[in-house]
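Every number here is computed from the coordinates shown, using simple stated rules; none is lab data. Keep in mind that this is a model prediction, so the values were computed, not measured. Backbone-built Cβ (ideal geometry, glycine too); neighbour counts: all protein chains shown.
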Amino acid sequence: MSANVDGGDDPCRLYLITPPVFEPAVFAEDLRAALDGGDVACLQLRLKDLDDDVVRRAAEALMPLAQEHDIAFLINDRPDLAAELGADGTHVGQEDTSYAQARSILGADHIVGVTCHDSRHLAMEAAEAGADYVAFGAFFPTDTKQAKAAADIEILDWWSDLFEIPCVAIGGITVENCPALVAAGADFLSVVAGVWNYPDGPAAAVREFNQAIKEAS
């Protein structure tokens, strides 16, 4: 994933999201292990309802690792901090900063992705407005956050058949259940606990996800 997010006929790739709470110096080692484990397209820093300086410290610890591995670094719901810190872009939800606001802050050369839950209408609106990707979910039960919608896998098939803008699948995705999402046309798999809580560690998780993606493609 770059400032021009690639999708379409390209292979599905991993899109990692940070845990809801972490200590930056400690988590940086988990991130390094994950990124050394195999292909990752993107890392989203997601720290909700915390002081700006907490987000800044986390970004300063993690963004260099992402850049070192040529991975896009996004900051959730904070296009202002993404611009200030030199991140690659932001991800916004339906209740967060609007797409228009985020784009006006970051400009055309940065990534702005939009949560669309299970809504075809919201996804088409985001795409028409110029979003770099749309995110659908939750596809599976998840303890990471309170899911606002349950998405059917068929929406990925519908989107990939009709639109060029990449789609991201999110929500309870694991090595075991991801093949169906890949086969349905997801361009990216957005994963939290499925990597950071993987029994054999994050490096093994990334290896196993990449193998599962390859087999399902």
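Structure above, values below:
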read-out: Residue-count net charge about residue 107 - beta-carbon cut-off 14 Å; Lys, Arg +1, Asp, Glu -1; value: -4
read-out: In region 1-104, the trypsin sites (Lys or Arg not before Pro) that fall in loop regions by DSSP, at most 13 other Cβ within 10 Å; value: 48
read-out: Full-stretch length increase - residue 217, residue 25 - with 0.36 nm per residue and alpha-carbon distance subtracted; value: 65.6 nm
read-out: Order of 160, 190, 217 - criterion: other Cβ atoms within 10 Å of each residue's Cβ, fewest first; value: 217, 160, 190
read-out: Dimensionless Rg ratio for region 13-216, taking C-alpha atoms and the 2.2 N^0.38 Å reference; value: 0.95
read-out: Local electrostatic count, residue 48, Cβ distance below 12 Å [Lys/Arg +1, Asp/Glu -1]; value: -2
read-out: For residue 14, residues with placed amide H under 5 Å, excluding near neighbours; value: 41, 189
read-out: Interchain or long-range residues, amide H under 5 Å from residue 75's placed H; value: 45, 89, 90, 91
read-out: Axial C-alpha extent at least 18 Å, average Kyte-Doolittle at least -0.5 - helices from the chain (DSSP); value: 52-68, 202-216
read-out: When region 118-217 is reduced to its Cα atoms, the Kirkwood hydrodynamic radius in Å; value: 13.8
read-out: Near-label residues of region 7-48 by backbone N, under 20 Å of a point 7 Å along Cα→Cβ of residue 108; value: 7
read-out: Long-range amide H partners of residue 94 with built H, under 5 Å; value: 115
read-out: Karplus-derived 3J(HN,Hα), 6.51/-1.76/1.60, for each residue of region 175-180, Hz, glycine and proline x; value: 4, 6, 9, 6, x, 5
read-out: Separation in nanometres of the label points that stand 7 Å from Cα toward Cβ, at residue 95 and residue 158; value: 2.4
read-out: Only Lys, Arg (+1) and Asp, Glu (-1) charged, at Cβ; region 13-216 dipole about Cα centre in debye; value: 120
read-out: Qualifying lysines (Cα of each under 27 Å from Cα of residue 48; at least 8 residues distant if same chain); value: 145, 148
